[in-house]
Structures are given as C-alpha cells and as structure tokens.
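As structure tokens, the structure follows; a few thoughts come after it.
The values are calculated or read from the model by the stated rules, or taken from the named source; none is laboratory data. What you are looking at is a predicted structure, and each value in this text was computed from that prediction instead of being measured. Glycine also receives a Cβ, built like all others from the backbone with ideal geometry; neighbour counts cover every protein chain displayed. The protein model used for the area step is the full one, side chains on, heavy atoms only, and it has no ligands, DNA or RNA in it. Shrake-Rupley method; radii C 1.70, N 1.55, O 1.52, S 1.80 Å.
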Amino acid sequence: MCADIVLAEDDPKQAELVRRYLERERHSVVVVPDGRETLELVRRRRPDLLVLDVMLPGLDGLEVCRILRAESDVPVLMLTARSTEDDLLRGLDLGADDYMTKPYSPRELMARVRTLLRRTHAAERDAGPMRVGALSVDVGRHEVSVNEKPVDTTPGEFRLLEVMAAHPDQVFTRGQLLEHLHGFDRYITQRAIDVHVMNLRKKIEVSPRKPARLVTVYGVGYKLTAGPADAP
C-alpha cells in the first residue's frame, strides 16, 4: 500500500531515519521541519497520513493538530517526547489518531503507519450506511449524521462509531475498542477510549451528561444503542 505521507520532524537525524523506513515501504515522503509549513503543506497536498512531532518550531504539533482537525480528517500519528498520560491524552483529545513516545522502535512505527493506512483505505469501501436509531454511519462516504444532520468526526471517532454501529447494543470493553482503534494494547492508552467517547457524546447526544446513545455499562465498557424512542 503506497501512500503520500508528510513527516513533520525538526530533528534532521530522526527525520532521515523515519524517511528511510517509510520509503523502504514504497511510500512517498515529504519532510517538513516547521509547524506553520506543515500546516500549509497538508492543506495543499492532502496527504494520506501526517506523522507529526509535538515539539516543532513556529507552531507546535498540538496546535497544528488542533487547527487541521477543525478542517480536515487526515489521519495523524503523533510523535512525542512527553511521556505523561495527560500529555498523551491531550493529543488524542485534539484529534490525533495514534501516538508514539520517544525513543521508539522504527519497526513499531512502521506497524502503526500500516495500521492507520489500512483503516483509512478500508473506510473507502462502500457498504452502505449503518443505522442505529437516528444515528447513521456511512463507511463508504465516511459520513456520520444524526436525524439526517451531518456530524463532523475525527478518524479515530469515526472508527469507534463504525465498530460499534456494526454491533448495536453489544457491550465493548475499552481493551476491545483499543484493539480496533489502535491495533495494540498498552495500559497508558486505556483512557484514550474515554476521551473519544466524551468527544463523541458532545456531537451525537442531546444531553452529553445524560447520554442515551453512547451508553456506559459500568464496570464493563460502552455500547451504542438507539436510545429510548431515540429522542431527537
């Protein structure tokens, strides 16, 4: 699977290492060392994937991610030297689809890249919309709507809805959702599911604090349901 990838990394040695690994897998890679330049390039180029370092000059990676996510659904794999859970969850909250902390294994990075690209290409298949009450998830068109009104989602949020809409009323544990969302299991990422759920509730629920569609099953996980009479 050859892809067009933008690599935003200001460390020349690190950028060269990652570029070589990506090109070895026949991807087309453009390296950008500056946050503002990254933002403009992604807007023009519309790549298949953005590999984004958090610590960039001009505009940091978190701000780049925040701005892009408001206008684009390009998948974002974030690289960060910040290893605390709050720092990592902040990146996910801003719309990043996955993250890796430095130092990391280039082979693991390539595995994460392949997972994101497979997920993106799989979403292009036209299987028709899945409906759970008034909620519609159209995988082929990569569209979500509630009562026929469009809902903007990040790729990670969309994937979570896609998985749950395919099995309405089935309870998913955080670990199961992580496996679908990230393709790997690591303790520090468990709360990432909660972040995606919180953000989705703001978008698909009438009252996010009293969710009727994306419901918590205490002590287990989450399920997607039509809700009581599926109130608009």
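Before we move on, is R131 modelled with pLDDT of 85 or more and open to solvent by 50 Å² or more (accessible area, probe 1.4 Å)?
So R131 passes the test.
Taking segment 76-115 on its own, how many of its residues are in a strand (DSSP E or B) and of a type outside the set (V, I, T)?
6
Check D73 against each of (1) assigned to a loop (DSSP other than H, G, I, E, B); (2) closer than 21 Å to T115 by Cα; (3) without any contact (Cβ under 8 Å) to a residue 60 or more places away in the chain; (4) not hydrophobic (A, V, I, L, M, F, W, C) and name the one condition it does not meet.
(3)
Hey, can you tell me all the residues within segment 148-179 that are at pLDDT below 90, open to solvent by less than 20 Å² (accessible area, probe 1.4 Å) and among the small types (G, A, S)?
G156
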